[in-house]
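Taking it in order: structure first as structure tokens, then the write-up.
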Amino acid sequence: MLARRAALAAAAATAAAATAALATTAATAAHAHAEPEAEDPTRVSEDPRSSNANAAQKVAEAAALETFEKLEVLRNKPLGANARIIRFKLPDRQQSFAYSFGDIINVRALSFDVDESYAFGKRLSRAYIPLHPLDRKGHMDIIVKTYPYPDGDTGRFLATRRQGDLVEVSAAPQPRLHAHIDLAACSTVAVLSAGSGLTAGIQLARAVLEPAPSPAAPSAPTGNEDPSDADDHVTAHQPRIKLISSDKTPDDMFYARELQQLAEKHPGQLTVFRTLTRDVPRDWTQGVGRVSADMLADQLGAVLLDPHAKVVVCGPPDFVHSLTGRRSSDNDAQLPHQNIAGILGDLGCTDPARVIIL
């Protein structure tokens, strides 16, 4: 009897195993014939070869919460060896893009110009800083860099857009730099940038040194004006601006002449220092190599320890990390008490309230 029961139990176990195997086979077959799952528009397909996949995912998630509008490309002009300036047409010719210096916009797209692992296209999203004066009407410009695959997908996508193409751009800018800097309370603002991050410095320099005129009409003279009031817009406190920008080669540099002219127009208020890491000309008189502790000590000196000075860092994640110990995708609100590390930290600039990462 016991032997018979054991035999029945073994047979039942065998039958159950066979049934489970059939169920697994059926489920596999059903899954193979099922419709492909709709792609989540907030998800960026992660490429294991890209060190920036997580950062791109964060940008895409933030962008998904924004309102976007399709803007027409007016111009796509080369700007150096691997940079282009893209001009977008605003819906109204009299409209100016309502942003403050250092604000960012997000650009998003669905690209099929990627490898075969993205069968349904790849969702792209990246933040850019508008370039031209804050009161420019009718259009908006951004500078994009084209980096080798797998990085820089959004930049390469934008670089191939032609006049008349439509691109999705966030309808409202996100405050970044302006929200962290009270210019009236700053002695100096130092901008450390690499690549297209220089746009933050250009925008800041223009906002401080050549602010947009007030829209209010001037009042009629009464004859009792104080002559000293005539230059109030000039004599009001303006912080000094120090720009330090890193580029690979001379061909990668952009806005060199414009910044030089601005510095000559405002001596003592704006200084521009650029460093090259490759193909350095023999007659080059500025920096050579990556931004280093010695370079910052020479160019900034006591500014790094001045409690009334601000330091802005804008560039690729590796550049930001070397200077601050953080990544540009880090959220300042999540790290309010963590001291700045990296090169800036080694030089004593550790207060996170004084360092703004874009």
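The values are calculated or read from the model by the stated rules, or taken from the named source; none is laboratory data. None of these values were measured; they are calculated from a predicted model. No Cβ is skipped: glycine too gets one built from the backbone with ideal geometry, and neighbour counts run over all protein chains shown.
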Filter the stretch 171-206 for residues that are hydrophobic (A, V, I, L, M, F, W, C) and at pLDDT below 85; which is nearest to Asp251 (Cα to Cα)? Leu177
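Which of the residues spanning the stretch 181-212 are of a type outside the set (Val, Ile, Thr) and more than 30 Å from Pro91 (Cα to Cα)? Before the answer, list the steps.
Looking only at the stretch 181-212, we keep the residues that are of a type outside the set (Val, Ile, Thr), and these are 182-187, 190, 192-198, 200-201, 203-207, 209-212.
Within the stretch 181-212, Asp182, Leu183, Ala184, Ala185, Cys186, Ser187, Ala190, Leu192, Ser193, Ala194 qualify.
Yes/no per residue for (1) within 16 Å of Leu110 (Cβ to Cβ); (2) at pLDDT 90 or above; (3) surrounded by fewer than 17 Cβ atoms within 10 Å (Cβ to Cβ):
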{"residue": "Gln57", "(1), (2), (3)": "yes, no, no"}
{"residue": "Ala64", "(1), (2), (3)": "yes, no, yes"}
{"residue": "Gly80", "(1), (2), (3)": "no, no, no"}
{"residue": "Arg87", "(1), (2), (3)": "no, yes, no"}
{"residue": "Asp92", "(1), (2), (3)": "no, no, yes"}
Does Phe254 fit the bill of being in a strand (DSSP E or B) and aromatic (Phe, Trp, Tyr)? no
Cys314 meets each of (1) touching a strand residue (DSSP E or B) at 6+ places or on another chain (Cβ under 8 Å); (2) modelled with pLDDT of 95 or more; (3) hydrophobic (A, V, I, L, M, F, W, C) with one exception, condition (2)
Restrict the check to the stretch 320-341 and report whether at least one residue is surrounded by 15 or more Cβ atoms within 10 Å (Cβ to Cβ), in a helix (DSSP H, G or I) and out of contact with any strand residue (DSSP E or B) (no Cβ under 8 Å at 6 or more places or on another chain). yes
Given the conditions (1) over 19 Å from the mean Cα position of the chain (by Cα); (2) at pLDDT below 90, report the number of the one that Arg161 does not fulfil. (2)
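Condition check ((1) outside any helix (DSSP H, G or I); (2) in contact with a helix residue (DSSP H, G or I) (Cβ under 8 Å, 6 or more places away or on another chain); (3) touching a residue at least 24 places away in the same chain (Cβ under 8 Å); (4) among the β-branched types (Val, Ile, Thr)) across all residues:
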{"site": "Phe157", "(1), (2), (3), (4)": "no, no, yes, no"}
{"site": "Arg161", "(1), (2), (3), (4)": "yes, no, yes, no"}
{"site": "Val167", "(1), (2), (3), (4)": "yes, yes, yes, yes"}
{"site": "His178", "(1), (2), (3), (4)": "yes, no, yes, no"}
{"site": "Ala190", "(1), (2), (3), (4)": "yes, yes, yes, no"}
